[in-house]
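The values are calculated or read from the model by the stated rules, or taken from the named source; none is laboratory data. This structure is a prediction, so every number in the text was calculated from the model and none was measured. Cβ atoms come from the backbone with ideal geometry, glycine included; neighbour counts cover every protein chain shown.
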Amino acid sequence: MAKVNVYITLKPALLDAQGKVMQGALDNLGFEGIENVRIGKFIEIEMAESADIEASVEDMCKKLFANPNTENYRFEIIKK
Amino acid sequence: MKFGVVIFPGSNCDQDAYYAVKTLGKDVDYIWHASTDVSGFDCIILPGGFSYGDYLRTGAVAKFSPVMNAIKDFAAKGGRVIGICNGFQILCESGLLPGALISNTGLRFICKHVNLRVENDTSDFTNLCKKGDVLSIPIAHHGGNYYADDDTLKSLEDNGQVLFRYCDDKGNVTDEANPNGSRNNIAGILNAAGNVAGMMPHPERAMEKILTDDDGKIIFESIINRLS
């Protein structure tokens, strides 16, 4: 079995309204030096190991997990 | 001519869309999302709602419904398709329309009447309008913030693919009149071939004066006008 962690992030050009609100909240809480906060998605997958696991996860990200117009993705495969 | 209204799990404006074209005297049938055949239809409506609970992203799962393959073939052969609200989101996700719809900048669900300025008065979906007309039509969405990168936006503008922009009641396109942060105040667009349209506002909810407004009629009437 392998564990796959997929990270989906909004492209830098897009305004992340949630991130902006969190930034304001951190300011209100007195945290200093916060320059930017951006919120993304984290997906965990458990799947069988195979030689083409990387290509397979890449395909999942392209077809389903990320919208190429608005989001970037990266992932790590942890073999158990 | 005959309309088809697709029902995805979670669609909730399918009956309104059906009723809208029925009241204009046209033949209409529902199309279940598992269907793989859309023959016999001249215009397909993807209605509003929350298909698949908006899980992951709006429209992200609906684009894999079996009917979407049939609709892609239908559109490739020139068939008319209009996506309203969630239907617009599904068309963008499936690549039938450029760009994407992301969360409103205010992060709130907005349900109210807005003013739309008609930008293109020759399309299959707006040919009875006049450029500059202001239509009052309701929106009801959380993810109606239209985004496209600079190049895509430029080609939409240059090719006359913008159908409607959010504006004030005089037709001025202003930041104040933009309810959700959409780039260039875009409320509705057309594909490059001109046979697929998407819009966030709900014309099917503005069909009768007795229910506040009938400005939505002209969109369905334009389709009928072009196809009859």
Note to self: Looking at the range A:24-31, can you tell me whether even one residue there is within 18 Å of B:Arg57 (Cβ to Cβ), within 14 Å of another protein chain (Cβ to nearest Cβ) and not polar (S, T, N, Q)?
What the structure shows: no
Notebook entry, point to check: Restricting attention to the range B:146-166, and to residues there that are closer than 21 Å to B:Val81 by Cα and assigned to a strand (DSSP E or B), which single residue is nearest to the other protein chains (Cβ to nearest Cβ)?
Noted result: B:Tyr147
Next item on the list: Scan the range B:196-228 for residues that are within 23 Å of B:Lys77 (Cβ to Cβ) and not in a helix (DSSP H, G or I) and jot them down.
Entry: B:Val196, B:Ala197, B:Gly198, B:Met199, B:Ser228
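Answer with yes or no whether B:Lys72 is basic (Lys, Arg), within 14 Å of another protein chain (Cβ to nearest Cβ) and under 17 Å from the mean Cα position of the chain (by Cα).
Details: basic (Lys, Arg): yes; within 14 Å of another protein chain (Cβ to nearest Cβ): no; under 17 Å from the mean Cα position of the chain (by Cα): yes.
No: the conditions fail for B:Lys72.
Going through B:Asn86, B:Asn120, B:Asn145 one at a time, which residue ends up being buried (at least 20 other Cβ atoms within 10 Å of the Cβ) and over 29 Å from B:Phe41 (Cβ atoms)?
Result of the check over B:Asn86, B:Asn120, B:Asn145: B:Asn145.
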Next item on the list: Could you check how many residues of the range B:99-114 are more than 25 Å from A:Gly19 (Cα to Cα) and either facing another protein chain (nearest Cβ under 8 Å) or in contact with a Gly (Cβ under 7 Å, 6 or more places away or on another chain) (or both)?
Entry: 0
Margin query: Looking at the structure I just gave you, is B:Met207 away from every other protein chain (no Cβ under 14 Å), modelled with pLDDT of 95 or more and within 25 Å of B:Ser155 (Cα to Cα)?
Written below: no
Notebook entry, point to check: Just wondering, is there one or more residues in the range A:69-76 that are away from chain B (no Cβ under 14 Å) and crowded, with 16+ Cβ neighbours inside 10 Å?
Noted result: yes
